[in-house]
Amino acid sequence: MPELPEMEAWRRQLDEPVRAFPIAKAGPAHIATLKTFDPPLAALEGRRLAGACRRAKRLLLPTDDGELVLLVHLMTAGRLRYLRPGEKGPKTPAFQLVFEGGARLVLTEAGAKKRAGVWLLTPEAVEAELAHLGPEALGLGADRLEQICADESRRLHSLLRDQRVIAGIGRAWANEILHAAKLSPYALSGDLSDEEVERLATAMNDELSRGLALREAGASDQRTYRVHRRLGEPCHVCGTPLAQVDFEEHTIFYCPTCQTGGRVLKDRRLSRLLR
Ligand SMILES: [Zn+2]
């Protein structure tokens, strides 16, 4: 799933082109992709976008008259592309905007399950839609993070991914950040020392910045991730083969030497206990 670095790289890339021309046609949209019906998509036609903004993993495209906002959440498999006039695109995009002059913004989604979403909202409705989100992960800072860790003691991997607590991190960057911080994914936030919180805050900022720079340069997953989905490959810090463990709905990747003092993490999913 695209996370903060990926979405921010896209935002920067789309910011200029989306405001170059007014929207000539909004849609069509797949019935499962378009999540709102009032105001209708046609309300966008003739308006110009003010650019691209981002909140957490969502992209926001406000109109320059301040009346409407198109919100896009790509979920796991959604992809956005800006196509220049005449450039070939997908036959049936899940959603598209056609600009005057022929450029298009198209959303595609691989697989049969349509999870990506597009919402056309008023600014007030956007505010309500985003109200549950915690502060942005990039630039969060140690003081704020210390408060978050003290508020409730949670396993770090799960805490980092909880959008209500910290916004923008998913499973891939949680793996990268915890490895850089040399902290166990299972460590409890309430047990961290001041020095460990500091390390986590630094790692969060450094890793997300590293990811953003790489994604802006068009780097692949393979070039970007050093821990995520690299089971058995040598840790880039100490050379130990990286390990994995199933946790909640997904898989955590970690280095047993750098992060868990040599301990191998046990699968803690409830479903596993009930088997
Ligand atoms: Zn290591």
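Bear in mind these aren't lab numbers, they're just calculated from the coordinates by the rules spelled out. Note that the structure is predicted; figures quoted are calculated from it, not measured. When we count neighbours, we look across all protein chains shown, and the Cβ atoms used for this are built from the backbone with ideal geometry, even at glycine.
The set of residues from the range 56-85 being exposed (fewer than 14 other Cβ atoms within 10 Å of the Cβ), more than 20 Å from R171 (Cβ to Cβ) and touching a residue at least 24 places away in the same chain (Cβ under 8 Å) comprises D64, G66, E67.
Conditions (1) under 25 Å from R47 (Cα atoms); (2) in contact with a Ser or Thr (Cβ under 9 Å, 6 or more places away or on another chain); (3) in a loop (DSSP other than H, G, I, E, B), marked per residue:
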site	(1), (2), (3)
P90	yes, yes, yes
P93	yes, yes, yes
L97	yes, no, no
G101	yes, no, yes
A112	no, no, yes
V118	yes, yes, no
V126	yes, no, no
H132	no, no, yes
E146	no, no, no
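Of all residues in the range 10-32, those that are within 13 Å of G102 (Cα to Cα) have Cβ atoms under 8 Å from Cβ atoms of residues that are among the hydrophobic types (A, V, I, L, M, F, W, C) and in a loop (DSSP other than H, G, I, E, B), 6 or more apart or on another chain, in P17/A103; V18/A52; A20/A103; F21/A103.
Summed over the range 20-35, residues that are assigned to a strand (DSSP E or B), hydrophobic (A, V, I, L, M, F, W, C) and within 21 Å of K113 (Cβ to Cβ) total 2.
Of all the listed residues (A24, A9), the sole one being over 19 Å from G66 (Cβ atoms) and over 22 Å from the mean Cα position of the chain (by Cα) is A24.
What about T76, is it part of a loop (DSSP other than H, G, I, E, B), within 13 Å of the chain's Cα centre (by Cα) and not aliphatic (A, V, I, L, M)? Please lay out each step first, then the result.
Values: part of a loop (DSSP other than H, G, I, E, B): yes; within 13 Å of the chain's Cα centre (by Cα): yes; not aliphatic (A, V, I, L, M): yes.
Here the answer is yes, as T76 does meet what is asked.
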